[in-house]
Amino acid sequence: MADEGPTNRLADCTSPYLLQHASNPVAWQPWDDDAIELARTLDRPLLVSIGYAACHWCHVMEHESFADEATAAMMNERLVCIKVDREERPDVDALYMAACQALTGAGGWPLNAFVDPNTLKPFFAGTYYPPDQRYGRPSWTQIVTALSDTWRDERDGLLANAEQITDHLGQMAAGGEAGEHDLEELVGAVSVASVQHSLKLFDAQNGGFGGAPKFPHPMELEGLLRNGSEEAQNAVEVSLRHMAERGLFDHLGGGWHRYCVDAQWAVPHFEKMLYDNALLLPIHARALREGIGDSALHERVIRLTLEWLEREMFDPDGGVWSTLDADSDDGTGHKEEGAFYVWSPTEVEAALGEEDGALACARWTVTKSGNFEDSGSSVLALAPAEGLTGEAEEELRLALLDARAERARPGTDDKVLSAWNGMLLVSLSDLGGEQGDGIGGQSARIGAHVAKGLLSRSTKPDGSVLRTWRGETDGGAGFLDDHAWAALGLLRWGLLTDDETCIERASAITNRLLESFSDPDGGFWLASADHEELPVRQRCENDSAVPGSTAVVVRLLATHLGAWPAHPDADSWRASAEGAIQRLGDSLMHRGPAYWALLNAASDLLRPWSVWHIHHDGTEPEAVENLRQSEGERQLVISTERVQEERDRGDAPWMAWLCEGMTCKAPITEEPDLVW
């Protein structure tokens, strides 16, 4: 058997990331029992190589090493090689990423972990390695040779290292004992300190926080919006403006790229992730409602991003796809990062003609020298263009968008992730959904499509949630973030649209989440007891590019409590949410800015909500939409044809009650009284 060796088994997988590696000469295996047992039988270490479809450096390492016949032959001889899509298996990714960060102090993708197949404990982990020594890094073949030789000759040392790493990760996951903090004081103090920390890092010239590479940090921006001070609002305004006007945003097609490689937001890392866009949309929507910054700018990026989702990312069965690659064919048969998005003056004039081309080059800062990797091409950014009206600009944008559509497109990861779709549905609920051609109409159409996918494919009436689905194939059971985001999205959308099915499904998912993911000692686990057992059961508490999953659960339970404070489960909802915060009390005090999403959610849990309950005969008062559009923190409109908690309009066409917590004011029947 050892002489035969394994063969590449990825062709039967559905993950676009795994399929990208199906033609590699490396004998990649999916993460399954067969692959693990094969490594045990062959007495070889496991290489667990983790990435995602839109990951640029994953593509680089594939091209340099995994597609190379000689390198692949060495890997196939010495290792059993497993490929993992981190978006499908966040539990596997979390375990080995934690090991990488513990060993190296850093992380990222591609993530390459070397693992004892008998225990699944890692003895080494790193990220990208070049094909030869450079960047101060050893070559990939040096890494493979050294570790496989040590496995053969000095295995006891590696196994002892694996035990030490795993013990450390277990202690980190267990955490300390939950404290007995006054949660309002704790959250208030940590929030104020975190705002001050952000303002110290704020780049007043370019917006954002810190230097290159520069990420958008939506949870931090939300925290600053909640703070409401003039200094905090200024940081939000400057950051949103520069992110919307410079290279981070796709000015032709809509949507934000992942991050920028420079401090000026000039050149992005071009992949587009659904989660970045889902998280940034409501920040602009809130800034628009609160009059922070240029309303036309907010409306433009919201409109174009919704257009992009509707035009390019819809799955025909409901739901929205996950990512677009950074790389695409540059016209010569080679894949290059950004090739789809950058322009030269010659290309612009070829699409628009000389006169319009000159206007477009001025408006979107396309220059002969360019600003992208000495290519003579430019990443688009907004600049004033004399003589260009709004209507004419839109015609030029659409013409360039049509011309760009003739280029080779970046690859699309067309799987539907439950967590990210729930996240998007929350954002669309923040935008509101109303009939028409404006942002409200866009939001209503997209929200209905996302809700359809969540109800028909991603979740079941019993509250179970899939991690992902693609085409006709369903993925495995969902994790904590899938349950939390799906429940929160369906709950918010159901309350907005008076959809009882959405609300009931959200309640069922919430119940299952609390049953399957709760830690009796406080907090929540990333994986349920029904998932595959790994050496260390991980949590997801601090923020990464997305909110920590625990924060989403707290926000979900706070929303349930805000809407139905007298519900029979209200006490258990509050106890679960407060227990999760108490468990992290010491961490919050020492590392508050790592928990922005939890601080924001905790504020919603610990402070009272104002809720307008409106019972109507099928026709809402016109003022209800104004109420929704002016909602602030912990303000909610529940408008329905159904009698709820004895709030009955009687013979009146409608009646409304404004409630704060368990206390409601006298009912009203006059529209001018429908105000916050």
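Tabulated values for the structure
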quantity	calculated
M219 being touching a residue at least 12 places away in the same chain (Cβ under 8 Å) and either of a type in the set (K, R) or farther than 26 Å from A99 by Cβ (or both)	no
Condition met for S572 (among the small types (G, A, S), assigned to a helix (DSSP H, G or I) and under 25 Å from G223 (Cα atoms))	no
Test: residue in region 581-601 that is within 20 Å of L496 (Cα to Cα), open to solvent by 30 Å² or more (accessible area, probe 1.4 Å) and either without any contact (Cβ under 8 Å) to a residue 12 or more places away in the chain or in a loop (DSSP other than H, G, I, E, B) (or both)	no
Residues located in region 118-149, provided they are among the acidic types (D, E) and not in a helix (DSSP H, G or I)	D132
Any chance A351 is of a type in the set (G, A, S), open to solvent by less than 30 Å² (accessible area, probe 1.4 Å) and in contact (Cβ under 8 Å) with a residue 12 or more places away in the chain	no
Odd one out for M172, checked against (1) modelled with pLDDT under 95; (2) assigned to a loop (DSSP other than H, G, I, E, B); (3) not small (G, A, S)	(2)
Residue in region 317-330 that is among the small types (G, A, S), modelled with pLDDT under 95 and over 16 Å from the mean Cα position of the chain (by Cα) present	yes
Boolean, D12 is modelled with pLDDT under 95, under 32 Å from the mean Cα position of the chain (by Cα) and under 16 Å from G476 (Cβ atoms)	yes
Filtered residue count, region 229-249, keeping only those that are in a loop (DSSP other than H, G, I, E, B), open to solvent by 10 Å² or more (accessible area, probe 1.4 Å) and under 24 Å from F340 (Cα atoms)	1
Residue that is nearest to Y595 (Cα to Cα), among those in region 535-562 that are among the small types (G, A, S) and surrounded by fewer than 20 Cβ atoms within 10 Å (Cβ to Cβ)	S544
Identity of the residue in region 354-379, hydroxyl-bearing (S, T, Y) and over 19 Å from E394 (Cα atoms), that ends up most open to solvent (accessible area, probe 1.4 Å)	S369
Scan of region 276-298 for residues that are open to solvent by 10 Å² or more (accessible area, probe 1.4 Å) and not aliphatic (A, V, I, L, M), ordered by number	P282, R286, R289, E290, G291, G293, D294, S295
Scan of region 123-138 for residues that are without any contact (Cβ under 8 Å) to a residue 40 or more places away in the chain and either among the hydroxyl-bearing types (S, T, Y) or open to solvent by less than 20 Å² (accessible area, probe 1.4 Å) (or both), ordered by number	A125, G126, Y135
Residue that is nearest to the chain's Cα centre (by Cα) [pool: residues in region 397-451 that are assigned to a loop (DSSP other than H, G, I, E, B) and farther than 21 Å from E271 by Cβ]	G432
Which numbered condition L47 misses (of (1) at pLDDT 95 or above; (2) part of a loop (DSSP other than H, G, I, E, B); (3) more than 21 Å from A326 (Cα to Cα); (4) open to solvent by less than 40 Å² (accessible area, probe 1.4 Å))	(2)
Residue tally, condition farther than 24 Å from F270 by Cα, of a type in the set (S, T, N, Q) and open to solvent by 40 Å² or more (accessible area, probe 1.4 Å), over region 194-228	2
Matching residues in region 15-33 - criterion: being in a loop (DSSP other than H, G, I, E, B) and open to solvent by 50 Å² or more (accessible area, probe 1.4 Å)	S23
Filter result (within 24 Å of G475 (Cα to Cα) and basic (K, R)) within region 65-118	K83, R86, R89
Residue within region 86-103 that is at pLDDT 95 or above and assigned to a strand (DSSP E or B) present	no
The lone exception for P608 - which of (1) assigned to a strand (DSSP E or B); (2) open to solvent by 30 Å² or more (accessible area, probe 1.4 Å); (3) touching a helix residue (DSSP H, G or I) at 6+ places or on another chain (Cβ under 9 Å) it fails	(1)
Residues located in region 504-534, provided they are under 13 Å from T459 (Cβ atoms), surrounded by 19 or more Cβ atoms within 10 Å (Cβ to Cβ) and not small (G, A, S)	R505, I509, T510, R512, L513
Any chance G618 is within 29 Å of the chain's Cα centre (by Cα) and among the small types (G, A, S)	no
The listed residue being touching a residue at least 12 places away in the same chain (Cβ under 8 Å), among the β-branched types (V, I, T), over 30 Å from A577 (Cα atoms) and surrounded by fewer than 20 Cβ atoms within 10 Å (Cβ to Cβ), out of T141, T150	T141
Test result for E646, open to solvent by 50 Å² or more (accessible area, probe 1.4 Å) and on the phi > 0 side of the Ramachandran plot	yes
Within region 294-394, helices (runs of 4 or more DSSP H) holding 2 or more residues that are within 30 Å of D414 (Cβ to Cβ) and touching a Ser or Thr at 6+ places or on another chain (Cβ under 9 Å)	295-312
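Every residue, every condition in (1) open to solvent by less than 20 Å² (accessible area, probe 1.4 Å); (2) touching a residue at least 12 places away in the same chain (Cβ under 8 Å), yes or no:
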{"site": "L400", "(1), (2)": "yes, yes"}
{"site": "E406", "(1), (2)": "no, no"}
{"site": "D413", "(1), (2)": "yes, yes"}
{"site": "S427", "(1), (2)": "yes, yes"}
{"site": "G432", "(1), (2)": "yes, yes"}
{"site": "I439", "(1), (2)": "no, yes"}
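Rundown of residues vs (1) among the aromatic types (F, W, Y); (2) farther than 19 Å from L18 by Cβ; (3) open to solvent by 10 Å² or more (accessible area, probe 1.4 Å), yes/no style:
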residue: A35; (1), (2), (3): no, no, no
residue: L38; (1), (2), (3): no, no, yes
residue: C58; (1), (2), (3): no, no, no
residue: I82; (1), (2), (3): no, no, no
residue: V92; (1), (2), (3): no, no, no
residue: A98; (1), (2), (3): no, yes, yes
residue: A102; (1), (2), (3): no, yes, yes
residue: T119; (1), (2), (3): no, yes, yes
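The values are calculated or read from the model by the stated rules, or taken from the named source; none is laboratory data. The model shown is predicted, which means the values in this text are computed figures rather than measured ones. Don't worry about glycine lacking a Cβ; one is built from the backbone with ideal geometry, like all the others, and counts go over all protein chains shown. When the accessible area is computed, the model is the full protein with side chains, heavy atoms only, and any ligands, DNA or RNA have been set aside. Shrake-Rupley method; radii C 1.70, N 1.55, O 1.52, S 1.80 Å.
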